[in-house]
Structure formats: structure tokens, C-alpha cells
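The values are calculated or read from the model by the stated rules, or taken from the named source; none is laboratory data. No experiment lies behind these values; they were computed from the predicted model shown. With ideal geometry, Cβ positions are generated from the backbone for all residues, glycine too; neighbour counts draw on all protein chains shown. Side chains included, ligands, DNA and RNA excluded: accessible areas come from the protein's heavy atoms. Shrake-Rupley method; radii C 1.70, N 1.55, O 1.52, S 1.80 Å.
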Amino acid sequence: MTTSIHSVFAAAESGISDTIKDTLNALSVPEYFVSITVVLLIIGLLTYRQWTRPMVAVTLSLLFIAFYVWSALDENFFKIITKPDNIPITMMIVFTALVTWVAFRQAAINDARLEKGEPLIESGADDKVLVWPDLVYTELIAMVLCTVVLVVWAIVLKAPLEPPANPTNIPNPSKAPWYFLGLQELLVYFDPWIAGVLLPSLIIVGLIALPFIDKNPRGNGYYTFKQRPFVISTFMFGWMIMWIVLIVLGTFLRGPNWNIFGPYETWDPHRPAALLNINISDVFWVITPDWLGFEWWKPGLPTKAALGGYMPAFLIREAPGIVLLSGYFFVLPVLLAKTIFRKIYHEIGFTRFCVFWLLMSWMFIVPIKMVLRWMFNLKYFVAVTEYFVNI
Amino acid sequence: MSLFDSVGNYVRQSQIWGSVFRHGVPRDRRTRAMAVLSNVFLHLHPVAVRKSGIRLSFTWCMGGLTFFLFLAETITGVLLMFYYRPVVEYAYADIIGLRAHVTLGLLREIHRWGAHAMVIAIWLHMLRVFLTGSYKPPREFNWSVGVILLVLTLLLSFTGYLLPWDQLAIWAITVGSNMARATPVLGHEGPGAAMMFVGEVPLIHAGSDARFLLLGGTAVGPGALLRFYVLHCIFIPLVAAVLIALHFWRVRKDGAISGPL
């Protein structure tokens with residue numbers, strides 16, 4: 001009697017947990033994973049005064065811990081999170097969540113105080129303290145704790161060491177070190193000269209340029225969100241989604257042949273690779289005419305140069321994509337500067353706005369291309385394969 | 001007076017002690033200020049700081065931890081250099097030996113985990129500085145120095161990744177360094193490289209492009225191992241050390257830890 005009840009419970013339980021696992025596996029493809037995290041980020045930024053309340057934050061973190069522990073009972077999930085070089089990913093998730101909470105909690109408190117005209121957490125008349133002993137001892141304690149953590153970590157967990165280097169035996173998947181996996185993920189959508197050279201350079205340039213573009217004098221030296229919502233939202237998108245989420249995706253969910261595997265799935269090297277992708281030129285010259293069914297216009301991809309050879313075939317072929325991208329890079333900023341970015345344009349002026357748009361346009365071309373890939377299987381806006389210029 | 005105190009007093013009144021520490025016991029404002037001012041390491045700090053600025057919830061201690069991890073990496077790194085030879089024939093065996101034969105064979109573990117922790121710590125330091133708006137005037141330049149230090153940290157970690165010379169190492173570095181092949185103009189598969197000709201001779205090919213410069217060869221081999229070793233142990237740490245000094249000095253000069261103006 002009891003056994004049968006137990007087995008019924010066990011069956012029901014495994015039924016529920018299997019359903020949850022299947023759902024989460026299905027949600028692991030970038031279409032859903034990235035979209036859901038973007039939605040969560042937007043909700044998080046809109047409701048930062050609610051989720052930063054201690055009770056809500058504790059509940060959320062308990063739920064997360066429960067989810068992680070429950071997931072770790074799964075063989076495949078356990079295998080992926082306990083790879084020695086994947087341990088930092090879990091640490092990164094936990095610490096990033098913790099400090100983000102600490103920051104937005106104080107921002108919520110400060111913003112409420114600013115509304116009431118009260119002094120900030122960070123304000124305080126005549127609150128200087130001597131570095132010795134107040135700061136020096138804090139540093140000492142931090143160093144001791146850090147040393148203890150490192151030594152214990154080193155005793156508990158061996159550094160990974162695989163078989164000796166063998167140039168003829170290529171592992172599948174071949175992954176870059178974990179902190180570059182966000183960039184490696186971009187290789188799915190962009191050619192290496194963009195994903196591996198241009199975008200990293202623009203990230204560095206963009207970060208350096210940030211203090212010179214952000215002319216908002218408020219929010220200097222204290223936590224706030226209300227006084228600089230646009231800059232913080234943009235940065236958090238770049239940091240949380242384009243960096244952290246893509247690293248998690250690349251580390252935990254990318255398997256053999258760079259296919260996506262849900263966290264509870266076994267890595268199967270025989271799963272077929274993805275479908276063929278299409279270019280804007282195909283859409284313009286082949287697919288759309290076919291779909292419209294015109295008898296009088298069936299151009300096909302242009303293969304002949306024009307204007308006596310001065311306009312090579314690839315320029316004609318790629319004209320639709322070039323027009324589209326030119327619009328995005330050069331016309332859209334003008335429209336934006338006259339409409340929703342009007343205030344920003346007036347604050348920062350022409351030169352800064354140009355740099356601002358250079359950085360913004362390249363940051364947002366990533367999610368734009370992701371969405372177009374997911375929806376229409378788009379490969380390139382402009383594909384000049386002859387000269388390795390593919391965007 | 002207890003024995004402990006009297007021994008302490010004896011030591012502090014000796015000529016040797018007085019020659020090293022030129023101030024009295026830091027028990028009042030003056031001697032405490034002197035303790036920081038007269039010490040070359042401690043005077044990286046200002047004498048006094050804002051109380052709200054050194055709260056753990058304000059700084060998260062991440063900048064300091066990044067620096068501490070840099071020191072820990074330097075110390076363990078120097079010790080590792082005693083045992084490790086950056087040659088294809090020996091590298092892997094030396095790593096095995098480090099674990100199997102060296103007393104307290106934890107050095108490599110501490111070094112590797114410390115490197116991961118340093119990457120995370122410096123990211124979170126940047127996040128903190130961003131969210132408190134501490135990159136705003138007058139600290140723009142120091143933020144820029146910090147961004148370079150962040151890049152150097154990633155490069156340190158990346159160059160170190162190759163040194164164990166196992167499958168993980170060479171393929172991760174292969175994936176990473178393949179990007180250099182696609183550098184515009186300077187990589188042989190990059191846009192514009194096909195236009196670089198002198199007469200009929202191509203300037204940029206697999207044996208002359210940016211990736212070749214990085215690897216010292218057309219694939220991750222002995223040349224790459226030596227180059228990454230030198231970059232990892234000498235060049236990048238030196239540059240980082242200079243920039244760290246600059247970074248700390250500017251923290252002081254720009255008004256110490258940030259706070260509301």
C-alpha cells in the first residue's frame with residue numbers, strides 16, 4: 001500500500017520535474033534565453049524599488065538557490081557546472097546578483113530621499129576618518145579573508161589539466177576562455193573581424209569614452225537610478241545581456257558543433273547543424289520577386305558590373321543591404337537627434353553625439369541582427385565575400 | 001606592566017625600530033597620520049577618507065581585492081616560474097610535476113583560481129564605479145586608466161591560459177587568436193588585406209599578419225608558448241604595475257574615494 005503511494009508520488013514528482021526540465025531545455029535556445037533575460041532586465045529596471053526590498057530579495061535568492069540545488073541533482077546540469085573552469089561562472093552569477101542588489105537597494109533609498117529632500121546615504125557633514133586604522137584594517141581583513149578563500153578553493157578543487165596539447169585532435173566544441181565566451185557567441189551572428197576585432201575594440205573605446213559623452217553632472221559619487229536612468233539602463237543592457245548572459249549561454253548551453261543544449265540535456269555530438277542562412281541580397285533579388293510572383297521582374301543575383309566596369313557586380317548585388325545599413329548608421333541618428341534623442345543632442349552637442357551614435361549603433365546592431373537571424377534566418381546585411389567584408 | 005607590554009616598549013624604543021618607523025605608536029591623530037604619510041606603501045592612501053566612502057556597501061572592496069589578487073598572482077607566479085619551462089617538450093610535464101612532486105603543490109591552483117577571481121573582481125569594481133557615477137569629472141582620466149587595466153587583466157589571464165600546454169590551453173588560445181587573422185587590413189582573412197600588394201607580392205599573408213605576430217608562427221606552437229610566457233610573466237605585469245601606480249596616485253589626486261559633491 002505505502003509502496004504504491006510512494007511510487008505514485010514519485011511518478012507524479014518525476015513527471016512534474018521532467019516537465020519543468022523539458023520546458024527549461026526548450027527555453028535555452030538563444031531566441032528565448034536572451035529575450036527572456038532582456039524582459040527580466042527591463043522589468044528589473046522599472047521595478048527596482050520593489051525587488052530591492054530585503055524581503056523580496058531574500059525570497060528571490062532563496063528561490064534561486066532552491067533552483068540551483070534542485071538542478072544540480074540532474075546529472076547533465078551537475079556535469080556542466082562542476083567543470084573546474086566553469087566554477088567561476090557560478091561565482092560570477094552569484095556575486096553579480098549580490099552587488100547589483102546592493103547597488104540598486106541604495107539607489108532606491110537615495111532616490112526616495114532625494115524626492116523628499118533628505119540627505120543621501122553617502123552625505124554626512126564632517127565625516128572624515130583617518131586611513132589608519134579605519135581603512136588599513138578593513139583592507140587587512142579583506143586580504144586575510146581573500147587568502148583563506150583562495151587557499152581553501154585550491155585545496156578543495158584541482159586546477160583543470162587535460163591531456164597534453166595535440167594539434168591534430170580538435171575538441172568539439174572548442175571554446176575560448178570563459179571570459180571571452182560572450183564574444184565567441186557573437187561569432188554565430190557576425191564574421192570574426194566584427195565579433196573578434198571590431199566589437200571588442202569598440203567596447204574598450206566606448207568604455208574609455210563614457211565619461212566624455214555622459215555630460216549629466218548628477219549622480220556623481222552616490223548610488224542613484226532616477227537621476228541617470230538612460231545611461232544606467234544602456235550600460236546595464238551592455239553589461240548584463242551582451243556580456244554576462246552571453247557568457248552564461250556560451251559556457252553552459254553551447255555544446256558540440258556549437259549547438260544549443262538545454263542545461264538538463266546530454267551533449268550529443270551527432271545532432272545536425274543549423275539550417276542555411278540567407279542574405280539581404282537574396283531577399284531583395286530572389287526571394288521577394290519569387291514571392292510576389294511578378295512575371296516581368298525576375299532579376300536573380302546581379303553578376304555583371306555596370307557603368308563601364310566602374311561599378312562592380314558586388315556593389316549592385318549588395319546595394320539593398322548597403323542602403324539599409326547606411327540608413328541605420330547615417331540617417332537614423334539624424335531622425336533620432338530630432339526626436340527622442342533631442343534632449344541628449346542638445347546636452348552633448350554634435351561631436352559627442354557622433355561618437356555616442358557610433359557606439360550605440362554597434363551595440364544595438366548585435367541584438368537587431370540576433371532577432372533578424374531568429375525570425376528570418378538572416379546571415380548578412382552586406383555580403384562582399386570576395387573581400388571578406390561581410391556585415 | 002605586563003611582560004608583553006614591556007617587551008613591546010623595549011622593541012619600539014630601540015634604534016633599529018626607530019630607524020624604520022619614524023613616528024610613535026599610532027595611537028593619536030598625529031601619529032596615525034604619520035603612519036600613513038611616512039610609509040611608501042601606505043601613502044598610496046590619503047591620510048583621511050570619507051567615512052561613507054569606505055563602507056563595504058559602497059565600494060564592495062572590489063578594487064582593493066583586484067590589487068591584492070594581482071599581488072597574490074605575482075607571488076605565486078614567481079614561485080611557479082622556478083619550476084616551469086616554457087618549452088613544448090617540458091611544459092606539460094612541469095605542470096604535472098608541480099602537482100605531484102612539489103611540496104605544498106597548491107601553487108598552480110591558487111594561481112589559476114586567483115586569476116579567475118581577479119577577472120570577476122575587476123569587472124565588479126568597474127560596475128561599482130559606473131553605478132556610483134565615479135567616472136564623472138574630475139575622475140574621467142582615471143576611469144580610462146582603469147579600462148586599460150581591465151583589458152590588461154583579461155590579457156594576463158588569456159596569455160596564462162596557454163602555459164599548461166594541455167588540450168584546454170591550445171584550443172582555447174587557437175579559438176581566441178584566430179580572431180587576429182580577421183583583423184581589418186592586418187589579418188590575412190580580414191577585410192582589406194587582399195588590397196595590400198607591392199607589385200605582385202602580397203604583403204599580408206598567413207606568415208606575416210597580425211596573428212603571426214601574436215603567435216610567432218602560423219599555428220599555436222613553440223613560438224606561441226614562448227611569446228605568451230614572456231608577455232604573461234614580464235611585459236603585461238610591468239605595464240600593469242606602472243598603470244596601477246598611476247591609477248592609485250590619481251585616486252588620491254582626484255579627491256580620494258568619490259562621494260556626493
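Out of all the residues in the range A:25-58, which are of a type in the set (Ser, Thr, Tyr) and open to solvent by 70 Å² or more (accessible area, probe 1.4 Å)?
Within the range A:25-58, just A:Tyr32 meets the criteria.
Does any residue of the range A:193-203 turn out to be more than 24 Å from A:Ile244 (Cβ to Cβ), open to solvent by less than 60 Å² (accessible area, probe 1.4 Å) and under 24 Å from the mean Cα position of the chain (by Cα)?
Among the residues of the range A:193-203, at least one is more than 24 Å from A:Ile244 (Cβ to Cβ), open to solvent by less than 60 Å² (accessible area, probe 1.4 Å) and under 24 Å from the mean Cα position of the chain (by Cα), which makes the answer yes.
In the list B:Arg108, B:Arg99, which residue meets the criterion of being at pLDDT below 95, open to solvent by 10 Å² or more (accessible area, probe 1.4 Å), in contact with a Lys or Arg (Cβ under 8 Å, 6 or more places away or on another chain) and within 7 Å of another protein chain (Cβ to nearest Cβ)?
When all the criteria are applied, what remains is B:Arg108.
I need the full set of residues from the range A:299-326 which are free of Cβ contacts under 8 Å to residues at least 40 places away in the same chain and closer than 17 Å to A:Ile365 by Cβ, in order please.
Within the range A:299-326, A:Val323, A:Ser326 qualify.
Can you tell me how many residues in the range A:344-382 are open to solvent by 40 Å² or more (accessible area, probe 1.4 Å) and either among the acidic types (Asp, Glu) or in contact with a helix residue (DSSP H, G or I) (Cβ under 7 Å, 6 or more places away or on another chain) (or both)?
Number of matching residues: 6.
Is it the case, given these coordinates, that B:Arg252 is surrounded by fewer than 20 Cβ atoms within 10 Å (Cβ to Cβ), among the basic types (Lys, Arg), within 11 Å of another protein chain (Cβ to nearest Cβ) and out of contact with any helix residue (DSSP H, G or I) (no Cβ under 6 Å at 6 or more places or on another chain)?
It is true that B:Arg252 is surrounded by fewer than 20 Cβ atoms within 10 Å (Cβ to Cβ), among the basic types (Lys, Arg), within 11 Å of another protein chain (Cβ to nearest Cβ) and out of contact with any helix residue (DSSP H, G or I) (no Cβ under 6 Å at 6 or more places or on another chain).
State all residues of the range B:163-173 that are within 7 Å of another protein chain (Cβ to nearest Cβ) and hydrophobic (A, V, I, L, M, F, W, C); if no residue qualifies, say none.
The answer is B:Trp165, B:Leu168, B:Ala169, B:Ile170, B:Trp171, B:Ala172.
In the range B:22-41, what count of residues is obtained for those that are assigned to a helix (DSSP H, G or I), open to solvent by less than 60 Å² (accessible area, probe 1.4 Å) and at the interface with chain A (Cβ under 7 Å from one of its Cβ atoms)?
3
Does B:Met62 meet the test of being among the aliphatic types (A, V, I, L, M), buried (at least 17 other Cβ atoms within 10 Å of the Cβ) and not assigned by TED's automatic domain parsing to the domain that holds B:His232?
No, not satisfied.
Would you check which residues across the range A:331-343 are assigned to a helix (DSSP H, G or I) and in contact with a helix residue (DSSP H, G or I) (Cβ under 9 Å, 6 or more places away or on another chain) and list them?
Matches in the range A:331-343: A:Leu332, A:Pro333, A:Leu336, A:Ala337, A:Lys338, A:Arg342.
Take the residues of the range A:171-190 that are open to solvent by 30 Å² or more (accessible area, probe 1.4 Å) and within 7 Å of another protein chain (Cβ to nearest Cβ): which is farthest from A:Ile93 (Cα to Cα)?
A:Pro171
Go over the candidates A:Leu120, A:Leu73 one by one and state the one that is over 30 Å from A:Gly255 (Cα atoms), of a type in the set (A, V, I, L, M) and modelled with pLDDT under 95.
A:Leu120
Only residues that are in contact with a Ser or Thr (Cβ under 8 Å, 6 or more places away or on another chain) and either open to solvent by 40 Å² or more (accessible area, probe 1.4 Å) or among the acidic types (Asp, Glu) (or both): list them for the range B:224-248, please.
B:Leu231
Can you list residue pairs whose Cβ atoms sit under 6 Å apart, with the first residue in the range A:57-76 being at negative phi and the second being open to solvent by 80 Å² or more (accessible area, probe 1.4 Å)? Count only pairs 6 or more apart in sequence or on different chains.
Sorted first by the residue in the range A:57-76, then by its partner, the pairs are A:Ala72/A:Phe78; A:Asn76/A:Thr266.
Counting just the residues of the range A:235-273 that are hydrophobic (A, V, I, L, M, F, W, C) and not in a helix (DSSP H, G or I), which one comes out nearest to B:Gly176 (Cα to Cα)?
A:Ile260
State which residue pairs qualify: first residue within 21 Å of B:Ile75 (Cα to Cα) and inside the range B:229-258, second residue modelled with pLDDT of 90 or more and open to solvent by 40 Å² or more (accessible area, probe 1.4 Å) in any location, beta carbons under 7 Å apart, and separation of 6 or more residues or different chains.
Once the first residue is within 21 Å of B:Ile75 (Cα to Cα) and sits in the range B:229-258, its partners that are modelled with pLDDT of 90 or more and open to solvent by 40 Å² or more (accessible area, probe 1.4 Å) give B:Cys233/B:Met81; B:Ile236/B:Leu155; B:Pro237/B:Thr74; B:Leu243/B:Ile148; B:Ile244/B:Phe67.
Take B:Ser52 and decide whether it is over 20 Å from the mean Cα position of the chain (by Cα) and part of a helix (DSSP H, G or I).
For B:Ser52, the condition - over 20 Å from the mean Cα position of the chain (by Cα) and part of a helix (DSSP H, G or I) - is not met.
What is the residue count in the range A:213-229 for residues that are at the interface with chain B (Cβ under 7 Å from one of its Cβ atoms) and farther than 17 Å from A:Glu347 by Cβ?
Qualifying residue count, the range A:213-229: 3.
Name the one entry in B:Gly216, B:Gly221, B:Gly160, B:Gly176 that is open to solvent by less than 40 Å² (accessible area, probe 1.4 Å), within 14 Å of chain A (Cβ to nearest Cβ) and free of Cβ contacts under 8 Å to residues at least 40 places away in the same chain.
Result: B:Gly176 is the single residue among B:Gly216, B:Gly221, B:Gly160, B:Gly176 that is open to solvent by less than 40 Å² (accessible area, probe 1.4 Å), within 14 Å of chain A (Cβ to nearest Cβ) and free of Cβ contacts under 8 Å to residues at least 40 places away in the same chain.
This table checks each residue for (1) open to solvent by 20 Å² or more (accessible area, probe 1.4 Å); (2) in contact with a helix residue (DSSP H, G or I) (Cβ under 7 Å, 6 or more places away or on another chain); (3) assigned by TED's automatic domain parsing to the domain that holds A:Glu347; (4) polar (S, T, N, Q).
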residue	(1), (2), (3), (4)
A:Gly206	no, yes, no, no
A:Ile247	no, yes, no, no
A:Phe284	yes, yes, yes, no
A:Tyr310	yes, no, yes, no
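State yes or no: is B:Leu44 open to solvent by less than 10 Å² (accessible area, probe 1.4 Å) and aliphatic (A, V, I, L, M)?
Answer is no for this residue.
For the range A:108-125, state whether one or more residues are among the hydrophobic types (A, V, I, L, M, F, W, C), under 30 Å from A:Leu45 (Cα atoms), touching a residue at least 12 places away in the same chain (Cβ under 8 Å) and in contact with a Ser or Thr (Cβ under 6 Å, 6 or more places away or on another chain).
Yes, there is a match, as at least one residue in the range A:108-125 is among the hydrophobic types (A, V, I, L, M, F, W, C), under 30 Å from A:Leu45 (Cα atoms), touching a residue at least 12 places away in the same chain (Cβ under 8 Å) and in contact with a Ser or Thr (Cβ under 6 Å, 6 or more places away or on another chain).
For the range B:94-126: of the residues being touching a residue at least 60 places away in the same chain (Cβ under 8 Å) and closer than 21 Å to A:Thr234 by Cα, which is nearest to the chain's Cα centre (by Cα)?
Residue satisfying both the conditions and the ranking: B:Ile122.
Pull up the range A:137-156, narrow it to residues that are of a type in the set (A, V, I, L, M) and at the interface with chain B (Cβ under 7 Å from one of its Cβ atoms), then point me to the one that is surrounded by the fewest Cβ atoms within 10 Å (Cβ to Cβ).
A:Ile155
Does the range A:87-108 hold any residues that are of a type outside the set (A, V, I, L, M, F, W, C) and surrounded by fewer than 17 Cβ atoms within 10 Å (Cβ to Cβ), and which are they?
Within the range A:87-108, A:Thr90 is the sole residue that qualifies.
Which residue, of A:Tyr222, A:Tyr264, is outside the structural domain of A:Leu114 (by TED's automatic domain parsing), of a type in the set (Phe, Trp, Tyr) and crowded, with 18+ Cβ neighbours inside 10 Å?
Exactly one residue qualifies, and that residue is A:Tyr264.
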